[in-house]
1. Kindly list, by first and then second residue, each pair from a residue in the stretch 282-295 that is assigned to a strand (DSSP E or B) to a residue that is of a type in the set (D, E, K, R), limited to pairs with Cβ atoms under 6 Å and residues at least 6 apart or on different chains.
2. Condition first: under 18 Å from Arg309 (Cα atoms) and surrounded by fewer than 21 Cβ atoms within 10 Å (Cβ to Cβ). Now tell me which residues in the stretch 344-356 satisfy that.
3. Regarding the stretch 15-29, can at least one residue be identified that is over 18 Å from Gln361 (Cβ atoms), in contact with a His (Cβ under 8 Å, 6 or more places away or on another chain) and outside the structural domain of Ala323 (by TED's automatic domain parsing)?
4. Residue by residue through the stretch 21-36, note down the ones that are in a helix (DSSP H, G or I) and surrounded by 13 or more Cβ atoms within 10 Å (Cβ to Cβ).
5. When the stretch 231-244 is examined, which residues are found to be crowded, with 24+ Cβ neighbours inside 10 Å and within 16 Å of Val312 (Cβ to Cβ)?
6. Looking only at the stretch 154-168, decide whether some residue is acidic (Asp, Glu) and touching a Leu at 6+ places or on another chain (Cβ under 9 Å).
7. State yes or no: is Ala71 part of a helix (DSSP H, G or I) and in contact with a helix residue (DSSP H, G or I) (Cβ under 6 Å, 6 or more places away or on another chain)?
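The values are calculated or read from the model by the stated rules, or taken from the named source; none is laboratory data. Since we're looking at a predicted model, the values are computed, not measured. Cβ sites come from the backbone with ideal geometry, for glycine too, and all protein chains shown count toward neighbours.
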Amino acid sequence: MTLSGHILTPTGFVRGTLGHRNGRIAHLAGTPVEEAAARADVNTPLLLPGFIDLHVHGGGGADTMDAGSAAATIARRHARHGSTALLATTMTAPLADIEAALHALAPAIARRQRGAARLLGVHLEGPYISPDKLGAQPAFARPPALHEIAALHAIAPIRLVTLAPEVSGMLALIPALVGLGMRVQIGHTGASYEQAVAAMAQGASGYTHLFNAMSALHHRAPGAVGAAMAHAQHAELIPDLLHVHPGAIRAALRAIPGLFCVTDATAAAGMPDGDYRLGRQTVTKCLGGVRLADGTLAGSTLTMDQALRNLVAIGLPLAEASARCSGHAARYLGLADRGVLAVGASADVLVLRADTLQLQQVFVEGEAIDLADAG
């Protein structure tokens, strides 16, 4: 199949054609064009790499901690919003609940369902976090144990782990997790600047929803945020413009080269206002956000297509916004064939209107996704 438009390649936009076959990009050719000209040509669509979301709790009314068809529901809902690959993210919970969730996720990770995003694996967000920085996580934080994480990894592949480095035993655990092929992120933490830097020296390579549920930046106590801004190459951030002020987003973008966007989406994503589940908790979607009964932000309703539009709205060039929603996350996970439009790469392609950046078509590994009822 061949698509035509202004195509975002690794070297910039070209006006030309992209052909895909057997789930891979087989042909890409065109003439270079400036981004401003591509955006101004409202009669020619934009072609961008599919979004990659490394922090997804749910969507379409389903939660990753549910059993049954929850994983398929989540992957289908987010595919309709341009996420072609994602990590299913767990909640802090009793170990038996996490095991049950991973048993349900494993088949969906092993085989992508038609009409759905590719599940790349699991983001284990807790239970190895600080009980003092739970955010919207339930109070089931527990001390670290390598054998527990290895046993969970044997059920379903864990690609990313969030932990709090100040908790006793966490620093010593990091090299072993890295050795198992996992990325370790600092999050839900009250770590000092020095503790966060020590965790990075041990192999931690990112930060979970930067600014949220972590020790803040103060000029005499820089905290985890200060460590990230001073030293990190990668961090995730929720650009729904509720979790982080646009000014803080722009500061982080200047400081962290590989900063990438995530949704932290809950079951409420793509759904009407009302009550939903987030692990064992009930959360309420209202006024564009998701909150616990006490008003605490509890994940989001964000989808990655809106994340892209939000970044552009606060002043990012489209090419950079695309990289923050796709390519940087792919490189962080070591995925050379995703998050990029190039010959040989996975045919994960988005077709958007040039003026509104609304999705017109989504292709996951070459499969056209039905965008009806995108929510």
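1. Matching pairs, first to second residue: Thr282/Asp275; Thr284/Asp275; Thr284/Arg291; Lys285/Asp273; Cys286/Asp273.
2. Val351, Arg353, Ala354, Asp355, Thr356 - these are the residues of the stretch 344-356 that are under 18 Å from Arg309 (Cα atoms) and surrounded by fewer than 21 Cβ atoms within 10 Å (Cβ to Cβ).
3. So far as the stretch 15-29 goes, no, none of its residues is over 18 Å from Gln361 (Cβ atoms), in contact with a His (Cβ under 8 Å, 6 or more places away or on another chain) and outside the structural domain of Ala323 (by TED's automatic domain parsing).
4. Initial filter on the stretch 21-36 (in a helix (DSSP H, G or I)): 35-36.
Within the stretch 21-36, just Glu35 meets the criteria.
5. Passing the criteria: Leu237, Pro239.
6. no
7. Spelling it out, Ala71 is indeed part of a helix (DSSP H, G or I) and in contact with a helix residue (DSSP H, G or I) (Cβ under 6 Å, 6 or more places away or on another chain).
Residue-wise test of (1) touching a His at 6+ places or on another chain (Cβ under 8 Å); (2) under 30 Å from Asn22 (Cβ atoms).
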| position | (1), (2) |
| --- | --- |
| Asp275 | no, no |
| Gln281 | no, no |
| Asp305 | yes, yes |
| Ser322 | no, yes |
| Arg331 | no, yes |
